[in-house]
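Since the structure comes first, as structure tokens, the remarks are kept for the end.
Please treat every number below as a calculation from the coordinates, not as lab data. Given the structure is predicted, the values throughout are model-derived calculations rather than measurements. Glycine also receives a Cβ, built like all others from the backbone with ideal geometry; neighbour counts cover every protein chain displayed.
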Amino acid sequence: MTRMLRPDPARARLISGSRYRALSLKALSFGVIGLINTAVDYGVFLLARAALNRSPAALSAIASFAGLCHCGSSAALALIAPNLVSWSVAVSGSYVMNSAITFAAESQGRLRWRAYCSFVLAGVAGLFANTMTLVFAAQILLLPVWLSKALAIVASFVVNFLLSHFIVFRVGRRVEDQAKSGL
């Protein structure tokens, strides 16, 4: 006769607590890397915006584009253009650092084009949240641009962490990649 083992509630709490701590440490690491990339994003945004505002040709091109596409005001597009530049720089740095540190176990510390493309595609949702928050805060709420950009960064942090954890660097992805590569 086999004896039925009862689940041990203490062990279940320990395992649950361990998973929670691991997720918390990942979120903390993601946040620290995010702070570094926030500085990069913010700095590149300010530099690109200043360069754009000093270029009559660029401002004219943005105004012409806004008139042709009927896709928004030239003021909104003058925010979106430097935001795209700063996001592109920051997302690349974020992928490298998160692959090497936050999700090192899942990525084995390797940079892969496929994972980078997934990271960038997942980051597009963060970019969307970032850009919509920026434009909404600056154009609708009439907040200063520096505060609007800070709010946009917070919105994109939440979206980017969730997508990175559950989609880009999920544990199953490592197992699938190993199976495909024959490891």
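Can you list, largest first and rounded to whole Å, the semi-axes you get for the stretch 27-181 by taking the square root of 5 times each eigenvalue of its Cα gyration tensor?
Ellipsoid half-lengths, sorted descending, are 33, 16, 13 Å.
Given points 7 Å out from each Cα along the Cα-Cβ axis, report the residue 139 to residue 116 separation in nanometres with one decimal.
3.2 nm
Specify which residue in the list 107, 139, 71 is farthest towards the positive end of the charge dipole of the stretch 27-181, using unit charges on the beta carbon of Lys, Arg (+1) and Asp, Glu (-1), about the Cα centre.
In the stretch 27-181, that residue is 107.
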